[in-house]
Amino acid sequence: MAAGPPPPLEPYPLPTFPEEGFTEKFVRKTRENPLVPLGCLCTVSILAYGIICFKKGNTRRSQLMMRARVLAQGVTFAAMLGGMVATAMKSR
C-alpha cells in the first residue's frame, strides 16, 4: 500500500478561439437563423410606416400598422425561440 505519492497532474492547454468582430458575428448569426433579422426589419418598417401615417393624420391606417407591428414582433420572437430550440437540439 505504500506505493508512494501519485504522479503530478499535468495541466491541459486551454482551447483558443479566434477573435470575431461585430461583422463576422452578425453574418454568422444571420446564417444560423435568418428569420430573426428579417423579422426585425419587418417590425421596424411597419413601425416607421405607422408613425408616418400618424403624423399625416391617418389614424385608421396608423392603428392598423400598430397592430401589425405587434404581430410582427410576435413572429420575430417566435423565430428567436425556434432558433434557440434548433441550436439546442443540434448541439445534442
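Checking A2 against (1) among the aliphatic types (A, V, I, L, M); (2) at pLDDT below 95; (3) in contact with a Phe, Trp or Tyr (Cβ under 8 Å, 6 or more places away or on another chain), which single condition isn't satisfied?
Single failed check for A2: (3).
Within region 7-21, can one find any residue that is assigned to a helix (DSSP H, G or I), acidic (D, E) and out of contact with any Leu (no Cβ under 6 Å at 6 or more places or on another chain)? Before the answer, list the steps.
Taking region 7-21 first, the residues assigned to a helix (DSSP H, G or I) are none.
No, the conditions are met nowhere in region 7-21.
Say we look at region 19-45 and pick out the residues that are among the polar types (S, T, N, Q) and open to solvent by 60 Å² or more (accessible area, probe 1.4 Å); which of these is modelled with the highest pLDDT? Walk me through it before giving the result.
As a first pass, look at region 19-45 and keep what is among the polar types (S, T, N, Q): 23, 30, 33, 43, 45.
Filter once more, keeping what is open to solvent by 60 Å² or more (accessible area, probe 1.4 Å): 23, 45.
Values: T23: 93, S45: 97.
Checking each candidate, the answer is S45.
With the structure loaded, tell me whether R69 is modelled with pLDDT under 95 and either touching a Ser or Thr at 6+ places or on another chain (Cβ under 7 Å) or loosely packed, with under 12 Cβ neighbours inside 10 Å (or both) or whether it fails that test.
no
Output the qualifying pairs, or none if there are none: Cβ atoms under 7 angstrom, residues six or more apart or on different chains, first residue in region 22-33 and on the phi > 0 side of the Ramachandran plot, second residue open to solvent by 90 Å² or more (accessible area, probe 1.4 Å).
none
Can you tell me which of K90, K55 is within 29 Å of T30 (Cα to Cα), open to solvent by 80 Å² or more (accessible area, probe 1.4 Å), assigned to a helix (DSSP H, G or I) and charged (D, E, K, R)?
On the way: K55 fails: within 29 Å of T30 (Cα to Cα).
Unique residue meeting the criteria: K90.
When the residues of region 39-52 are narrowed to those that are without any contact (Cβ under 8 Å) to a residue 24 or more places away in the chain and either closer than 19 Å to T76 by Cβ or not in a helix (DSSP H, G or I) (or both), which ends up nearest to the chain's Cα centre (by Cα)? Walk me through how you get there before you give the answer.
Taking region 39-52 first, the residues without any contact (Cβ under 8 Å) to a residue 24 or more places away in the chain are 41, 44-45, 47-52.
Add one more test, that the residue is either closer than 19 Å to T76 by Cβ or not in a helix (DSSP H, G or I) (or both), and what stays is 41, 44-45, 47-51.
Details: L41: 13, V44: 16, S45: 18, L47: 20, A48: 22, Y49: 24, G50: 25, I51: 25 Å.
Per the criteria, the residue is L41.
The values are calculated or read from the model by the stated rules, or taken from the named source; none is laboratory data. As the structure is a prediction and not an experimental result, all values here were calculated from the model. Don't worry about glycine lacking a Cβ; one is built from the backbone with ideal geometry, like all the others, and counts go over all protein chains shown. When the accessible area is computed, the model is the full protein with side chains, heavy atoms only, and any ligands, DNA or RNA have been set aside. Shrake-Rupley method; radii C 1.70, N 1.55, O 1.52, S 1.80 Å.
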